[in-house]
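**Q** Below: one structure in structure tokens.
The values are calculated or read from the model by the stated rules, or taken from the named source; none is laboratory data. A quick note: this is a predicted structure, and the numbers were derived from the prediction, not measured. Heads up, the Cβs are rebuilt from the backbone with ideal geometry, glycines too, and the neighbour counts pull from every protein chain shown.
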Amino acid sequence: MRVVSLVPSLTEAVAATRPEVLVGATDWCTHPDGLDVTRVGGTKYPDLDRVLALAPDLVLLNEEENRLADAEALRAAGVPVRVTFPRTVPEALDQLGELVAAIGAPDEPPWLRAARRAWAAPPAPARVRTAVVPVWRRPWVVLGRDTFAGDVLRRLGVVNGWAGDPERYPRPALDVLRARAPELVVLPDEPYRFTADDGPEAFPGVPSVLVSGRHLTWYGPSLAEAPALLAAQLAAPV
């Protein structure tokens, strides 16, 4: 079997399960370290000629990270595609289970079993807090409704204050964000790399926490350690 992944978290999942079938990945596929496969460009604009040259039996995409036009072009070329789009932790775990079966794993891999155990009993929060969760600035973009990352935070005691917005990724002005009076600002290090010096200063008087974007937004092997790691980061304001 020959698999090309256009989704960084799924690249990591395949590499941790059946590395021998993975023949191509995007330039943004950074895990596992030292991944040695053909690179096919970005997630939004992959080089489809390079993908097709790898003669894949399956190409992995995500409805949010990849473009519909690329999925349609691959299908038109006769290439089977698998498109994921989990909005909750249980959906992610189920879709990962379906994925590992589709790539020929005889059983669920240890990392997926560990992820199921970890999320069956995540760390209990000391208290529930309402937060704003920026994922970009200039302009500001925050988590809105129906997002996987929002569900991850909810299960760790952090309620997304913008979860009721009509948009999945609203772009409110900074003064509007401040006016919502969040109890917490959650700043991931991807896709925008927020740091202690870039982000917290925009919300004076509100506790800010820096969290791992990979553990907040990726669904793959990182899910096994995400509950404990994120819970610790959420309890450590900068």
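**Q** Regarding the stretch 10-17, can at least one residue be identified that is touching a helix residue (DSSP H, G or I) at 6+ places or on another chain (Cβ under 8 Å), more than 19 Å from residue 212 (Cβ to Cβ) and surrounded by 15 or more Cβ atoms within 10 Å (Cβ to Cβ)?
**A** Within the stretch 10-17, one or more residues are touching a helix residue (DSSP H, G or I) at 6+ places or on another chain (Cβ under 8 Å), more than 19 Å from residue 212 (Cβ to Cβ) and surrounded by 15 or more Cβ atoms within 10 Å (Cβ to Cβ).
**Q** Checking residue 74 against (1) out of contact with any Pro (no Cβ under 7 Å at 6 or more places or on another chain); (2) touching a residue at least 40 places away in the same chain (Cβ under 8 Å); (3) hydrophobic (A, V, I, L, M, F, W, C), which single condition isn't satisfied?
**A** Among (1) out of contact with any Pro (no Cβ under 7 Å at 6 or more places or on another chain); (2) touching a residue at least 40 places away in the same chain (Cβ under 8 Å); (3) hydrophobic (A, V, I, L, M, F, W, C), residue 74 violates only (2).
**Q** Identify, please: which residue in the stretch 108-126 is more than 18 Å from residue 19 (Cβ to Cβ) and touching a Gly at 6+ places or on another chain (Cβ under 8 Å) and is, among those, surrounded by the fewest Cβ atoms within 10 Å (Cβ to Cβ)?
**A** Among residues in the stretch 108-126 that are more than 18 Å from residue 19 (Cβ to Cβ) and touching a Gly at 6+ places or on another chain (Cβ under 8 Å), the one surrounded by the fewest Cβ atoms within 10 Å (Cβ to Cβ) is 124.
**Q** Hand me the list of strands (runs of 3 or more DSSP E) wholly inside the stretch 1-62 holding 3 or more residues that are of a type in the set (A, V, I, L, M) and within 19 Å of residue 100 (Cα to Cα). Explain how you work it out, then say what you get.
**A** Numbers: elements: 3-5, 22-25, 58-62.
In the stretch 1-62, the matching strands (runs of 3 or more DSSP E) lie at 22-25, 58-62.
**Q** Another question, then. Please go through (1) surrounded by 13 or more Cβ atoms within 10 Å (Cβ to Cβ); (2) outside the structural domain of residue 1 (by TED's automatic domain parsing) for residue 71 and return the number of the only condition it doesn't satisfy.
**A** Every listed condition holds for residue 71 apart from (2).
**Q** Looking only at residues in the stretch 80-100 that are assigned to a helix (DSSP H, G or I) and of a type in the set (D, E, K, R), which one is farthest from the chain's Cα centre (by Cα)?
**A** Here the answer is 98.
**Q** Quick check on residue 119: is it farther than 18 Å from residue 231 by Cα, assigned to a helix (DSSP H, G or I) and not basic (Lys, Arg)?
**A** Judged against the criteria, residue 119 is not a match.
**Q** Of all residues in the stretch 61-73, count the ones that are within 15 Å of residue 25 (Cβ to Cβ) and either charged (D, E, K, R) or more than 13 Å from the chain's Cα centre (by Cα) (or both).
**A** Residues flagged as within 15 Å of residue 25 (Cβ to Cβ) and either charged (D, E, K, R) or more than 13 Å from the chain's Cα centre (by Cα) (or both) within the stretch 61-73 amount to 2.
**Q** Follow-up question, since we're still on this one. I need the full set of residues from the stretch 63-79 which are part of a helix (DSSP H, G or I) and closer than 15 Å to residue 4 by Cα, in order please.
**A** Hits for the stretch 63-79 are 70, 71, 73, 74, 75.
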